[in-house]
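Student: Below: one structure in structure tokens.
The values are calculated or read from the model by the stated rules, or taken from the named source; none is laboratory data. Worth saying up front: this structure is predicted, and the values here are computed from it rather than measured. Here the Cβ positions follow ideal geometry from the backbone for every residue, glycine too, while neighbour counts run over all protein chains shown.
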Amino acid sequence: MEEITKNEVVEETQDSEVPHDKTVRLMSPTRMVVRRFFRSKLSIVGLIMVVGLFVFSFLGPLVYTEWGEIELDESGKTEYSISETTYTVDGVEYTIRQTTEKSLKDNFLAPPSSEHILGTDNEGYDIFVRLMYGGRISLIVSFIAVFLITILGVILGGISGYFGGAIDNIIMRLCDILICLPGIPILLIISTILDASGIDAKYRIYLLMIYLTFISWPGTARLVRGQILSLREQEYMVAAEAMGFSTSRKIFKHLVPNVMPQLIVQMSLSLGSMILYEATLSYLNLGVKAPYAAWGTMINIISTNQNILQNHLNVWVPAGICIVIAVLGFNFIGDGLRDALDPKARR
């Protein structure tokens, strides 16, 4: 019975013309991660949201060129004319100066129209254009800050975890000191110093984010240190030690790559936090200042003008929506990467 079954199977295989040399290919780890990532609907939604913001912020100004970032719609300004009349009474000369106010077409706080897609703010700036340029600031600053934080955290955390001992104690105590520093009060002091130094308002936010980078790397360093403490005792590290590899090669070629999945997830989640931090600084008037645009600066206007808060939602709501989209998008991507990089997940 077994022979018959075997012969039938052989004949069926020959009839179906399946090549005998066909081999089964295993899926590579990278392809498996990509497949898991795109299997999640939230990951795809987050990717679409982030890519959409990048296209809107960086390619939008190239398409919509009717107004510039700091270009005012001066047709809404009030025109003043001064006239002087001189006359003499009892030998005393008198001059009467008269100021005439002429109101032109009102384009301050203008509603959405064909000329201004989202209307104008209280200064006459086009809101739609400032949304695009504000997105550039928020996204660029966040990416630079997260990149620098990761570099510092990987270097110092790798050194701390690999060597241990006194070096580990020094770096970890430095982390403890930086974590204890009050962020906002020191940022207020730095912002005041920058105001007094006359630095261009367009570049002030970058200097503030450098300080944020300086006090934010300890979290990444601790993550890298904890992973390396467990990885440095693995068999492949013993083999690397026996082969006489240099310390830098063992840390950055064998240990750090094994920490990259956790780092990628943390970077994607940190991007959303940095965008919120930048928006908070701009809202508190510590970051980008007028006439340059940032999403937080565009919302800052409601803190001093209740009329705009209640009656002109087109001035500040779009900036808030962009911030929400950016933070949610990066968080969705981070969650998707965390699930895709989980070695215990099913294929």
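Student: Determine whether Asn305 is in the same structural domain as Ile140 (by TED's automatic domain parsing) and modelled with pLDDT of 85 or more.
Tutor: Details: in the same structural domain as Ile140 (by TED's automatic domain parsing): yes; modelled with pLDDT of 85 or more: no.
No, not satisfied.
Student: On to the next question. I'd like to check something: does the stretch 299-320 contain any residue that is touching a Gly at 6+ places or on another chain (Cβ under 7 Å) and within 22 Å of Ser43 (Cα to Cα)?
Tutor: no
Student: If you check every pair at least six apart or on different chains, which have Cβ atoms under 6 Å apart with a residue in the stretch 104-117 that is under 16 Å from Phe128 (Cβ atoms) first and a residue that is of a type in the set (Ser, Thr, Tyr) and at pLDDT 85 or above second?
Tutor: Final answer for the pair search is Asn107/Thr120; Ala110/Thr120.
Student: Go through the stretch 75-125 residue by residue and tally those that are at pLDDT below 75, among the hydrophobic types (A, V, I, L, M, F, W, C) and surrounded by 10 or more Cβ atoms within 10 Å (Cβ to Cβ).
Tutor: Looking only at that region, the number is 1.
Student: Would you point out which residue out of Asp168, Asp176, Asp195 is assigned to a helix (DSSP H, G or I), exposed (fewer than 13 other Cβ atoms within 10 Å of the Cβ) and of a type outside the set (S, T, N, Q)?
Tutor: Unique residue meeting the criteria: Asp176.
Student: Just wondering, is there one or more residues in the stretch 266-282 that are touching a residue at least 60 places away in the same chain (Cβ under 8 Å), in contact with a Cys (Cβ under 8 Å, 6 or more places away or on another chain) and in a helix (DSSP H, G or I)?
Tutor: no
Student: Within the bounds of the stretch 294-313, is there any residue that is surrounded by 18 or more Cβ atoms within 10 Å (Cβ to Cβ) and among the aromatic types (Phe, Trp, Tyr)?
Tutor: Looking for residues that are surrounded by 18 or more Cβ atoms within 10 Å (Cβ to Cβ) and among the aromatic types (Phe, Trp, Tyr), one finds at least one in the stretch 294-313, hence yes.
Student: Go through the stretch 198-237 and give me each residue that's in a loop (DSSP other than H, G, I, E, B), under 22 Å from Tyr277 (Cβ atoms) and of a type in the set (Lys, Arg).
Tutor: none
Student: Still on this structure, please answer the following. Being modelled with pLDDT of 80 or more and surrounded by fewer than 20 Cβ atoms within 10 Å (Cβ to Cβ) is the requirement here; does Ala279 meet it? Working first, answer last.
Tutor: Values: modelled with pLDDT of 80 or more: yes; surrounded by fewer than 20 Cβ atoms within 10 Å (Cβ to Cβ): no.
Against the criterion (modelled with pLDDT of 80 or more and surrounded by fewer than 20 Cβ atoms within 10 Å (Cβ to Cβ)), Ala279 does not qualify.
Student: Evaluate the following for Ile323: is it closer than 22 Å to Ile127 by Cβ and part of a helix (DSSP H, G or I)?
Tutor: So Ile323 fits the description; yes.
Student: Mind listing whichever residues of the stretch 243-253 are at pLDDT 80 or above and surrounded by 17 or more Cβ atoms within 10 Å (Cβ to Cβ)?
Tutor: Lys250
Student: Another question about this same structure. Mind counting the residues in the stretch 239-285 that are more than 18 Å from Gly153 (Cβ to Cβ), among the polar types (S, T, N, Q) and in contact with a Phe, Trp or Tyr (Cβ under 9 Å, 6 or more places away or on another chain)?
Tutor: 2
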